[in-house]
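The values are calculated or read from the model by the stated rules, or taken from the named source; none is laboratory data. Everything numeric here is computed off the predicted structure, so don't read it as measured data. As a convention, Cβ positions derive from the backbone with ideal geometry for all residues, glycine included, and neighbour counts pool all protein chains shown.
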Amino acid sequence: MPILSVQELQTRYTDNGPDILKGITFEVEKDDFFAIIGPSGAGKSTLIRCINRLVEPTSGTIIFIEREITKLSKSQLRRARRDIGMIFQEFNLINRMGVMDNVLSGRLGYTGNLRTLFRSFRRSDIDQALFLLEKVELSDHVHKRVDELSGGQRQRVGIARALMQNPKMLLLDEPTSALDPKISRDIMRLVKNMAEEFGVPCLCNIHDVALATEFCNKIIGLKEGVTMFSGPTEQLDRNKLNAIYAMEEL
Amino acid sequence: MELHHQIQQQAEQVIFLRKRRKIILGSGTLIFLLISAWCINATVIQDTDWQRMGSFADMLRSIGRYIGIDFSLFSQLLEPALETLLIAFLGTSIGVLFCLPVIWFGARNITPVGNASYLVARLMMTISRSVHEIVWALFFVAVVGLGAMGGIFAVAFRSVGFIAKMSAEAIENIDSRPVEAIQATGAGTFQVLRFAILPQVLPQIISVIMFEWEINIRRSAVLGLVGAGGLGLVFFRQMNTFNYHGVTSVIIMILGIILLGEMASHAIRRRLL
C-alpha cells in the first residue's frame with residue numbers, strides 16, 4: 001500500500017487557462033525519496049502544491065494514507081495537512097520571529113487558538129523543538145531571530161519545522177535552489193538522514209539532476225505538464241534526460 | 001517631391017496641434033480667473049464686515065491685544081492639558097479596538113466573505129475620515145453630554161479611517177510565502193493571521209497608531225470648543241471673557257503638549273522601523 005497515490009492529476013489556474021499538469025500519475029512508497037525533475041515551467045511546483053492543496057487540482061485523485069485529498073472539507077484538509085511536512089525553496093520562515101517560534105509553528109495544527117494567540121506552546125512541544133534543533137545542528141542558535149541566520153541555517157530551521165509536525169510524508173519544493181552547491185548537498189544529506197531516521201517518505205522537486213540521481217531512488221521527469229519519464233533512478237539515462245530537457249539542450 | 005509633400009502635411013499637423021494646445025491653455029486660464037473673481041466677490045467682498053474691520057491700524061490693534069501672556073492661568077491649565085492628552089490616549093486606544101474588525105474586513109487578502117465585507121470596511125473607513133472631528137464631537141456631545149467622554153468617542157471614530165486603511169494596506173502587501181508555509185502545517189485561519197501575518201505588519205501598525213495618537217493630541221486640543229473637554233474648553237472660555245492674554249497662554253500650552261507628543265511618537269516610531 002503506497003503512502004501517496006496520484007492518479008491522472010490535472011490542474012489549471014484559470015477556468016479557460018492552459019493545463020499546467022496534463023494527467024500525472026505516480027505512487028510514493030513508505031521508504032521512497034522521490035524526485036520530480038524537469039525544466040522550469042514544467043509544473044513541478046504546481047504538482048507538489050496540489051498534494052496538500054495549496055493549489056487546487058482540477059481533476060484526478062490524490063490518495064494519501066487512505067484519504068482522498070481532493071474531496072476533503074476545509075477542516076479535514078487541515079487535519080490531513082498536519083501529516084504532511086513541507087520544506088520550501090525560499091525557506092518561508094517568519095523573519096520577525098525567533099528560531100524557536102518558527103520551529104514551534106510546525107505544531108500549530110495541534111495547538112488551540114488561545115494558545116496560538118499567546119504563543120504558549122506545550123512543554124512537550126518545546127522539548128521536541130529543542131530535540132529537533134539539536135538534530136539539525138542548530139542548538140547554538142536557539143535564541144536567535146531567523147533573519148540573523150545564513151541560508152543553510154534557515155533551511156535547517158525549515159526542516160525542523162516540518163519534522164515538528166511528526167509528518168507521515170515530507171514535501172520538498174526545490175529545497176536547495178537558494179543555496180550554494182556545497183550547502184545544497186549538506187541539506188539534501190540532512191533531509192535524507194532525517195527521513196530515514198524518522199521513517200518518512202519524501203517527495204522532492206529538484207531541478208539539479210545530479211542531486212536527484214545522488215539522493216533519490218525514484219524519479220519522475222516532467223516537461224510542460226506531461227510525464228516524460230517515471231521509474232527508478234537507475235533507469236534514467238542520457239536519452240531520457242534529453243527528452244525532458246530537450247528545449248535546454250538546443 | 002513626395003517627401004516634400006509629406007513634410008508639408010506633417011508641418012500643418014504640428015502647427016494645428018500647437019495651436020490647439022494654446023487655445024486649451026488660454027481658455028483654462030480664463031476659466032480659472034473667472035472662478036477666482038467670482039469667489040473673491042462672493043466670499044471676501046460681500047461676506048466681510050468691512051465696517052467692523054476698520055482701518056489697518058485697527059487691525060494691528062486687534063492683533064496687539066493677543067501679545068502678552070497671562071501667567072496666572074498656567075496653573076489652571078495643567079489639568080485640562082492632562083485631560084487633552086488622556087482624551088487623545090483613550091480615544092486612540094478605543095479607535096484601535098474599533099479598527100480590528102475593519103482591518104480584518106478591509107484587507108483584500110484576508111477579508112472573510114469577499115467583496116461584500118471588503119466594501120463595508122472601505123465604506124466605514126471613508127465615513128470615519130470624511131466626517132470632521134468637530135462634527136464627530138458635536139454628534140457625541142449630543143449623545144453623551146458635555147465633557148471628555150464625547151471627545152474620546154469623537155477621536156476614536158475619527159481615528160478608525162486612517163489606522164484601518166494603513167493597516168489593511170500593510171496586510172495587503174505582506175510576503176505571502178510564510179502564509180503558505182503556515183497553512184501547510186495544518187493551521188487554521190486565525191493561526192495564519194497570528195503567526196504568518198501579524199508579525200510581518202505589527203511594527204508598521206504600531207507606527208501608524210503612534211502617528212495617529214500624535215495627531216489626536218492636536219484634535220482633542222480643539223474639541224473643547226464644542227464642549228468635549230480638554231484645553232479647547234479653556235480656550236473658549238478665555239475668548240468669551242475677552243482675556244486675550246489668556247488665549248495666548250492656552251495656545252502656548254497646546255503647542256507645548258503637541259511638541260511633547262510629537263517627540264514621544266517620533267522617538268518610538270524611529271525605534272520600530
Hits in the range A:48-77 (condition: in a strand (DSSP E or B) and either without any contact (Cβ under 8 Å) to a residue 24 or more places away in the chain or surrounded by fewer than 19 Cβ atoms within 10 Å (Cβ to Cβ) (or both)): A:59, A:60, A:61, A:63, A:67, A:68
Complete set of residues in the range A:47-85 that are within 10 Å of chain B (Cβ to nearest Cβ) and among the basic types (Lys, Arg): A:49, A:53, A:74, A:78, A:79, A:81, A:82
Only one of A:93, A:108, A:170, A:117 that is hydrophobic (A, V, I, L, M, F, W, C), within 14 Å of chain B (Cβ to nearest Cβ) and surrounded by fewer than 19 Cβ atoms within 10 Å (Cβ to Cβ): A:117
Residue within the range A:120-131 that is away from every other protein chain (no Cβ under 14 Å) and aromatic (Phe, Trp, Tyr) present: yes
Any hit, the range B:186-202, residues being of a type in the set (Gly, Ala, Ser), under 16 Å from residue B:107 (Cβ atoms), assigned to a loop (DSSP other than H, G, I, E, B) and within 14 Å of another protein chain (Cβ to nearest Cβ): no
Condition check for residue B:155: of a type outside the set (S, T, N, Q), farther than 22 Å from residue B:98 by Cα, crowded, with 20+ Cβ neighbours inside 10 Å and touching a residue at least 60 places away in the same chain (Cβ under 8 Å): no
Any helices (runs of 4 or more DSSP H) falling wholly within the range B:1-111 and containing at least 2 residues that are exposed (fewer than 10 other Cβ atoms within 10 Å of the Cβ): B:2-39, B:50-53, B:56-64
Qualifying residues in the range B:112-152 (those that are touching a residue at least 60 places away in the same chain (Cβ under 8 Å) and among the β-branched types (Val, Ile, Thr)) - the one surrounded by the fewest Cβ atoms within 10 Å (Cβ to Cβ): B:134
Residue match in the range B:154-174 (condition: within 14 Å of chain A (Cβ to nearest Cβ) and either in a helix (DSSP H, G or I) or among the β-branched types (Val, Ile, Thr) (or both)): yes
Members of the range A:14-39 that are surrounded by fewer than 16 Cβ atoms within 10 Å (Cβ to Cβ) and either touching a Leu at 6+ places or on another chain (Cβ under 8 Å) or touching a residue at least 40 places away in the same chain (Cβ under 8 Å) (or both): A:23, A:25, A:29, A:30, A:31
Qualifying residue in the range A:203-217 (condition: part of a strand (DSSP E or B), crowded, with 19+ Cβ neighbours inside 10 Å and touching a Phe, Trp or Tyr at 6+ places or on another chain (Cβ under 6 Å)): yes
Residue in the range A:138-146 that is within 13 Å of chain B (Cβ to nearest Cβ) and either modelled with pLDDT under 95 or over 18 Å from residue A:171 (Cβ atoms) (or both) present: yes
Identity of the residue in the range A:145-193, hydrophobic (A, V, I, L, M, F, W, C), outside any helix (DSSP H, G or I) and in contact (Cβ under 8 Å) with a residue 60 or more places away in the chain, that ends up farthest from residue A:95 (Cα to Cα): A:169
